[in-house]
1. If Gln365 satisfies every condition in (1) under 28 Å from the mean Cα position of the chain (by Cα); (2) in contact (Cβ under 8 Å) with a residue 60 or more places away in the chain; (3) open to solvent by 20 Å² or more (accessible area, probe 1.4 Å) but one, which is the exception?
2. Return the residues of the range 534-555 that are modelled with pLDDT under 95, open to solvent by 60 Å² or more (accessible area, probe 1.4 Å) and assigned to a strand (DSSP E or B); say none if nothing qualifies.
3. For Ala452, are the conditions met, namely being loosely packed, with under 15 Cβ neighbours inside 10 Å, more than 24 Å from the chain's Cα centre (by Cα), free of Cβ contacts under 8 Å to residues at least 12 places away in the same chain and more than 18 Å from Gly152 (Cβ to Cβ)?
4. Does Ser442 qualify as being part of a strand (DSSP E or B), more than 17 Å from Pro490 (Cβ to Cβ), touching a helix residue (DSSP H, G or I) at 6+ places or on another chain (Cβ under 6 Å) and open to solvent by less than 10 Å² (accessible area, probe 1.4 Å)?
5. So Thr531 fits all but one of (1) free of Cβ contacts under 8 Å to residues at least 40 places away in the same chain; (2) crowded, with 18+ Cβ neighbours inside 10 Å; (3) hydroxyl-bearing (Ser, Thr, Tyr); what number is the exception?
6. With respect to the numbered conditions (1) touching a Phe, Trp or Tyr at 6+ places or on another chain (Cβ under 7 Å); (2) touching a residue at least 40 places away in the same chain (Cβ under 8 Å), which one is the sole condition not fulfilled by Phe392?
7. If you take the residues in the range 579-597 that are open to solvent by less than 30 Å² (accessible area, probe 1.4 Å) and over 23 Å from the mean Cα position of the chain (by Cα), which one is nearest to Tyr518 (Cα to Cα)?
8. Scanning the range 640-662 for residues that are among the aliphatic types (A, V, I, L, M) and without any contact (Cβ under 8 Å) to a residue 60 or more places away in the chain, which turns out least open to solvent (accessible area, probe 1.4 Å)?
Amino acid sequence: MRLLPATSLTLALLLTTPAFAQQGAAQSGSDDDFHTDQGIVVTAPYVRSLDILGNVSVMQGEKLAQDIRGQIGDTLASQPGVSSSSFSPGASRPILRGFSGERAAVLVDGLGAIDASSTSADHAVSIDPLTADRIEILRGPSVLLFSSQAVGGAVNVFDRRIPRAIPESPAHIDALASYGTAAQDKSIGASIDVPLGQRFVVHADGNYRDSNDVRVGGLIYAPALRAHLLDLAADASAGGDAEEAARLTDAANSRGRVPNSQSTSKSAGVGAAFVDDGGSLGISFGYLADEYGIPPRADINELPTIKARQYRVDVRGEVNLGDGLFDKLRIRGAYADYAHTEFDDGQPGTRFTNRGIEARAELAQNDRGGWRGASGVQYSFRDFAAIGDEAFLPANETTRLAAFTLQELERGPVTLEGALRFENSKVAANSIGFDRSFDSLSGAAGLSYQLADGLKASVSVSRSERAPSAEELLSDGPHAATLTYERGNPDFAKETSWGGEASLKFARDGWSMGLTGYASWFDNFIYETDTGLIADDLPLFEFRQNKARVWGFEFQGTAPLAQAGGFNFVADATADMTRAKIVDGPYVPRIPPLRIRGGLEAQSDRVDVRAEVEWTDDQTRIAPFETATKGFTLVNASLTWRPLPDTKNLSLTLAADNIFDVDARRHASFTKDYVPLAGRDIRITARASF
């Protein structure tokens with residue numbers, strides 16, 4: 001009920017805004033959303049491409065369709081600088097430059113997912129990847145346009161639910177279906193856009209995914225945990241419990257499928273938009289239902305499952321303002337009602353709810369002699385509650401109000417950029433009399449120089465302030481998902497940092513290269529550590545603050561090799577690494593190790609053939625309570641066929657991932673020691689856009 005006044009005010013503002021404009025690649029009028037030849041338009045902050053303050057990559061078209069998995073984290077895990085929490089096949093959140101949770105924002109067209117995924121690693125992100133039309137990954141200071149919390153970066157998912165253009169045909173249909181053998185994973189999704197006259201368009205979509213227990217390539221349990229289970233089995237045998245000893249021994253030696261790793265997801269949405277030369281206005285309603293298992297540890301012997309649902313309303317508008325100082329006014333708003341229940345052996349346990357609203361308005365400036373920019377305001381409210389025996393933090397409300405700007409000035413080969421964000425954040429928990437407010441001011445400045453045709457060097461520096469989250473301030477209770485008792489600190493100060501980035505980018509005649517190095521120096525860095533104490537029969541983990549250092553790099557490059565037999569032969573490579581350490585203390589936990597990926601591809605109008613190798617290093621730079629993670633090498637291959645001549649509107653892809661069925665575990669995962677990555681997976685994907 002407390003959300004209703006803010007919701008009504010926001011929707012009233014949006015619905016009384018005059019007309020809006022088409023944006024991005026949709027302006028081309030193409031009926032092929034999967035395969036556009038138009039240049040990528042980075043949609044935030046709506047000025048150019050964030051070359052200096054942003055390290056932006058975009059997934060769309062065939063690449064996105066081939067990589068789509070049940071969770072957004074697994075969908076993006078092959079991108080430079082991106083890993084995945086991989087808690088289970090049903091819950092996998094992106095890890096950006098080693099950061100997760102509040103420090104790695106997951107957005108829907110610039111607004112938060114409004115769920116409980118940042119609260120705990122076992123909570124799924126309430127975004128169905130099957131609805132994605134394009135996904136942008138933003139790293140570095142450009143994230144200030146969306147949040148002062150997301151110091152690691154942001155994932156911005158764009159769906160089709162509010163149409164951006166009027167289809168030229170009587171109906172525009174997009175469809176995607178796939179089947180994978182590793183988890184007998186079946187997914188299908190389709191959407192339709194129908195014009196109603198010259199200015200109105202309506203949209204509808206539906207998506208379904210069902211996945212069984214995932215098959216892995218080796219032993220389910222990692223060596224250290226396997227040895228622990230065998231020790232427990234020996235103790236049970238010595239105590240005369242032969243049945244328990246046999247169960248633990250069988251679990252320690254188990255192979256094949258990870259128990260209780262199944263998942264099912266359903267989503268549907270409808271939308272409508274008015275579009276003309278002066279602008280556009282649209283609204284959509286979406287529904288999502290997830291049900292997934294949490295793989296158990298044999299020494300815990302429980303079978304938890306989670307059932308989640310979300311209702312969401314989105315509004316988007318744009319007004320063309322003409323040739324004055326400002327070019328466009330863009331407004332976005334969303335309201336969502338999210339809830340999930342955690343079941344223990346079929347019995348309902350803790351219930352999490354989150355009702356929230358977000359809104360933002362931005363003014364984009366016209367280019368005036370090389371000066372351009374965008375400025376705006378943003379509001380968000382979250383009403384969060386956890387009810388049950390494992391409610392490890394009290395009901396709380398978080399309110400954030402921010403103002404931001406990005407300005408860019410181009411003078412010949414030199415370009416200057418600056419960004420600034422002020423944010424007030426309030427966290428209140430009435431049941432315990434807690435109420436704190438934080439004012440944060442973050443900024444960044446950068447310079448780039450065109451060294452030669454297609455070659456640009458850039459440097460930037462940033463100063464960020466982040467208010468502690470409710471979880472970091474108020475947690476105090478058992479957390480079964482992570483097998484810990486978690487305790488926050490209500491007296492935490494703001495987390496502050498200085499950061500720097502340097503990049504070299506080249507693109508010419510089919511060759512491309514991007515190399516970025518980054519470093520951050522944190523004061524009052526918030527992290528979680530084992531105290532060595534026991535609370536409620538669980539290890540007591542506390543959130544603490546200290547100085548920390550984070551540094552790393554990202555690389556990606558493409559090189560044309562030859563042309564023969566109607567094919568273009570291309571090589572590509574990516575690499576990334578992050579290091580994070582508490583000053584005069586341990587390493588930060590769950591930081592992904594060095595990773596290198598290389599591929600060879602033969603491309604033609606009708607057929608693409610690709611083979612790639614991904615090597616991940618051992619991770620031995622670990623926190624005291626962690627176990628080391630052995631590195632692995634994955635070999636993947638794919639064949640894409642477009643059966644229709646002179647068009648890419650229909651394609652079929654046959655892919656083989658982890659061809660040699662190796663044992664692979666992501667160090668960023670809480671459950672890596674008993675939930676490995678999938679083994680050999682043969683996947684067929686069909687997609688159409690007409």
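The values are calculated or read from the model by the stated rules, or taken from the named source; none is laboratory data. Just so you know, these numbers come straight off a predicted model, no measurement behind them. FYI the Cβ positions are ideal-geometry reconstructions off the backbone, even for glycines, and counts take in every protein chain you see. When the accessible area is computed, the model is the full protein with side chains, heavy atoms only, and any ligands, DNA or RNA have been set aside. Shrake-Rupley method; radii C 1.70, N 1.55, O 1.52, S 1.80 Å.
1. Going through (1) under 28 Å from the mean Cα position of the chain (by Cα); (2) in contact (Cβ under 8 Å) with a residue 60 or more places away in the chain; (3) open to solvent by 20 Å² or more (accessible area, probe 1.4 Å) one by one, Gln365 breaks only (1).
2. Correct list: Ile534 only.
3. On the way: loosely packed, with under 15 Cβ neighbours inside 10 Å: yes; more than 24 Å from the chain's Cα centre (by Cα): yes; free of Cβ contacts under 8 Å to residues at least 12 places away in the same chain: yes; more than 18 Å from Gly152 (Cβ to Cβ): yes.
Here the answer is yes, as Ala452 does meet what is asked.
4. Working: part of a strand (DSSP E or B): yes; more than 17 Å from Pro490 (Cβ to Cβ): yes; touching a helix residue (DSSP H, G or I) at 6+ places or on another chain (Cβ under 6 Å): yes; open to solvent by less than 10 Å² (accessible area, probe 1.4 Å): yes.
Judged against the criteria, Ser442 is a match.
5. Result: Thr531 passes all but (2).
6. In the conditions (1) touching a Phe, Trp or Tyr at 6+ places or on another chain (Cβ under 7 Å); (2) touching a residue at least 40 places away in the same chain (Cβ under 8 Å), Phe392 misses (1) alone.
7. That would be Ile582.
8. Kept after step one, since they are among the aliphatic types (A, V, I, L, M), are these residues of the range 640-662: 644, 650, 652, 654-656, 659, 662.
Those left that are additionally without any contact (Cβ under 8 Å) to a residue 60 or more places away in the chain: 644, 650, 652, 654, 656, 659.
Values: Leu644: 61, Leu650: 49, Leu652: 66, Leu654: 92, Ala656: 20, Ile659: 51 Å².
Only one residue fits best here, namely Ala656.
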